[in-house]
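Okay, so here's the structure we're looking at.
The values are calculated or read from the model by the stated rules, or taken from the named source; none is laboratory data. Quick caveat: nothing in here was measured; it's all calculated off a predicted structure. Don't worry about glycine lacking a Cβ; one is built from the backbone with ideal geometry, like all the others, and counts go over all protein chains shown. We work out accessible area using only protein heavy atoms, side chains counted, and drop any ligands, DNA or RNA first. Shrake-Rupley method; radii C 1.70, N 1.55, O 1.52, S 1.80 Å.
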Amino acid sequence: MCVPDLERKSLEYRKKILKYIKHASAGHTGGSLSCIDILNVLYNQILHVSPQNFSDNNRDRYIQSKGHSVEALYVVLADQGFFPESELETLCQYQSHFIGHPTRKVPGVEQNTGALGHGLALSVGTALAGKMDEADFKVFTLLGDGELAEGSNWEALLAASHYNLDNLVVILDYNKLQITGRNKDVMNVEPLLDKFKAFGLAVREMDGNDIASIKATLEDVPFESGKPNLVIAHTTKGKGVSFMEDSVKWHHGVPDDAQYQQAQEELDKKISALEKLESK
Amino acid sequence: MNSQINAETSKLKMGSPNLEVFSNTLQNLAAEDRNLVVVTSDSRGSGKLVPFGEKFPKQIVEVGIAEQNLVGIAAGLASTGKKVFAVSPACFLTARSFEQIKNDVAYSDNPVNLIGISAGVSYGALGTTHHSLHDFAALRAVNNITIVAPADNFETEMAIRFAAHSPQPFYIRFGKKNMPFISENKDFEIGKGRLVRNGKAAVIVATGETVYPALLAADHLEKTKGIRVAVVSMHTLKPLDTKLLTDLAGQFPVMLTVEEHMVNGGLGEACSGFLLQNGFAPKFKILGIPDEYTVTGSQLEIFDHYGISEKGIASEVLKMIDN
């Protein structure tokens, strides 16, 4: 898929994320909008995974460690045909499989996540199995930045490097905000580049809200033979909706009717602008 | 009833440590199945897995001293179809990595076999940091995990073999002392307690390495008082053998449970909870480690201190019968 098509998809995904969060009156709005471009490129461009090959042990894996941004994942999985999108109308309702964190009861979800600091070790184990079996699949995981305060991540990075897991791709959704405020005020995680390099990882930085940048970076995996791949994706929390961007209050804020209307209109305008650009 | 199950306990054949049987069984299984993987947290020595590592270097994964990572990585491996045994001292495995067990193994249904070595007070003199007296209680409160404490070499081998082929998560814990074969009876099924000694006046339902002192106590009572006490090895704590418990409650007026675990939340409370809610009210006593700062010493000294010994159990049985 070409960059403009993916860009349009991202806008449509954003509209849907807001639609289902509004419908459920719950959700992690800011984080879902922050990581949606990454998920878009992963599922539409990079991952060898589909409803047809999901039981194939050689499929690529995507494990979402920052499980709370689940609305982004659900919207993309629906678009990939794992389940009818209409099922998302049950999000967070009594007995719905579509709960507020990824669960394997939803087709296409690899692991039950939600408690932070778990996805990376799961991904390391999965990638290790791939190495043991000399299989071709890759394992992608998405971490939040606030999540990096969990020590389990650093245990897992040690192991990833020790076992030379160049089939592992760790993507950090680095929007610099967490529920209490800015990472640097809550618990400073910097200097990240130095830390990750010191752990023996092959590190790249990208604009995690720019399709071309994401595509170019992820298509270049493995960055270095024998080293786990780590991508620092600089993102903006709440990306795409003016009043939600870089604002901690939208971590799990739900728009009221007027805000919802405004957000959808902003996104519609961006879609129209893209269409005009394409028709030129 | 199998007459051999009433063999005098002091004449029971002494076996190896359950730990050693575990290691040997795993090597036998690994030889047949390249998909079997052992994961250790700097614990291959204490897990008697050095020979395993030498014979099957491609089937062992070391994660260093990092139990959370041990369980997370084990879950990832298991998700690809590997038969995974994650081996670490029970104290760390079930406390440090409790959330990984709850979420990555049990909730995510990644069929890891968690092996808690040197369980209970096997590391008696090393103190509470190294005791696992909470593991039954903690894991009983987690959905989708089978909990097994084998009493002897036979039960250990059977449990390990069963777990290796099970699509569900297991927690199996044992100690490192030599254990006698508690019975000639070769019936074993996960979730089914084994009657290892017949009796009439009372029944002792024990688990893991307390089955042996329970048998010694039963012998002692028969020899000194002519009282015949039955003993059950309740190797599986979850799912609990409620059918057997129902039968026992119908037959015996007195029931004691014995476990190398805190009295809170373990075998005793599992049994009493079932019995009380199903209309049974035998005279009932839970023997285990009380809710206090645990004394230190050898495993046997700690057992003696808290009455999980031939004399201690026999004396409790007598009190219960007399009252």
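Just which residues of the stretch A:121-139 lose 20 Å² or more accessible area with every protein chain there, against their chain alone, with the probe set to 1.4 Å? Correct list: A:Ala121, A:Leu122, A:Gly125, A:Thr126, A:Leu128, A:Ala129, A:Met132, A:Asp133. Among beta bridges identified by DSSP and lying wholly in chain B, the antiparallel ones come to about 20 percent. Annotated for the stretch B:15-178: lysine pairs at least 8 residues apart or interchain, Cα distance under 25 Å, count 14.
For the protein assembly as shown, the antiparallel share of DSSP beta bridges with both residues in that region comes to about 15%. Remark: the stretch B:204-212, residue by residue, has Karplus-estimated 3J(HN,Hα) of 9, 9, 10, 9, x, 7, 8, 5, 4 Hz, where x stands for each Gly or Pro and the curve is 6.51 cos²θ - 1.76 cosθ + 1.60 at θ = phi - 60°.
Among A:Tyr163, A:Tyr13, what's the order by accessible area (1.4 angstrom probe), most exposed first?
On the way: A:Tyr163 60, A:Tyr13 5 Å².
Ranked list, largest accessible area first: A:Tyr163, A:Tyr13.
Close amide H partners of A:Ile63, meaning residues 5 or more places away or on another chain with modelled amide H under 5 Å apart, are A:Phe140, A:Thr141, A:Leu142. Seen against the Cα atoms of chain A and their longest principal axis, helix A:70-79 is set at about 80 degrees. Label the stretch B:180-322 by shape, choosing from rounded, prolate and oblate, from the square roots a ≥ b ≥ c of the eigenvalues of the Cα gyration tensor; if a/c is under 1.5 it is rounded, and otherwise prolate applies when a/b is larger than b/c, oblate when it is not. In terms of gyration-tensor shape, rounded. For chain A, the antiparallel share of DSSP beta bridges with both residues in that region comes to about 10%. Taken one residue at a time, the phi angles of the stretch B:12-17 give Karplus couplings (6.51, -1.76, 1.60, θ = phi - 60°) of 5, 5, 7, x, 9, x Hz. Gly and Pro are set to x.
With just the Cα atoms defining each centre, how far is the stretch A:262-278 from the stretch A:1-54? Give it in Å. What the calculation gives is 16 Å, centre to centre. Where does helix B:153-164 land angle-wise versus the long Cα axis of chain B, in degrees 0 to 90, nearest 10? Long axis of B:153-164 versus the principal axis of chain B: about 40 degrees.
As a length-normalised measure over Cα pairs under 8 Å and 6 or more apart, the relative contact order of the stretch B:15-178 settles at 27 percent.
Which shape class applies to the stretch B:19-131: rounded if a/c is under 1.5, otherwise prolate when a/b exceeds b/c and oblate if not, where a ≥ b ≥ c are the square roots of the Cα gyration tensor eigenvalues? Oblate is the answer for the stretch B:19-131, as a/c is 1.5 or above yet b/c matches or exceeds a/b. For the stretch A:47-124, relative contact order (Cα pairs under 8 Å, six or more residues apart, normalised by length) works out to 34 percent.
First select every other residue whose beta carbon is under 10 angstrom from the beta carbon of A:Leu122; then total the charges, Lys and Arg +1, Asp and Glu -1. Don't jump to the answer; show the numbers that get you there.
Working: positive: A:Arg61; negative: A:Glu110, B:Asp104.
Overall, the nearby charge balance is -1.
The angle separating the long axis of helix A:3-24 from the principal Cα axis of greatest extent in chain A is about 70 degrees.
Computed from the C-beta positions of A:Glu134 and B:Lys55, the FRET efficiency with R₀ = 22 Å rounds to 0.60. Reported to the nearest whole Å, the Cα centre-to-centre distance from the stretch B:227-262 to the stretch A:233-259 is 58. Net charge of the neighbourhood of A:Trp250, taken over other residues with C-beta under 12 Å away and scored Lys/Arg +1, Asp/Glu -1, is +1. Take the Cα coordinates of chain A, assign each an equal point scatterer, and use the Debye formula without solvent to give log10 I(q)/I(0) at q = 0.11, 0.12, 0.14 Å⁻¹. Here the Debye-derived log intensity ratios amount to -0.59, -0.70, -0.97. In the stretch A:158-199, burial by the other protein chains removes 30 Å² or more of accessible area from A:Tyr163, compared with the chain on its own (1.4 Å probe, ligands and nucleic acids ignored).
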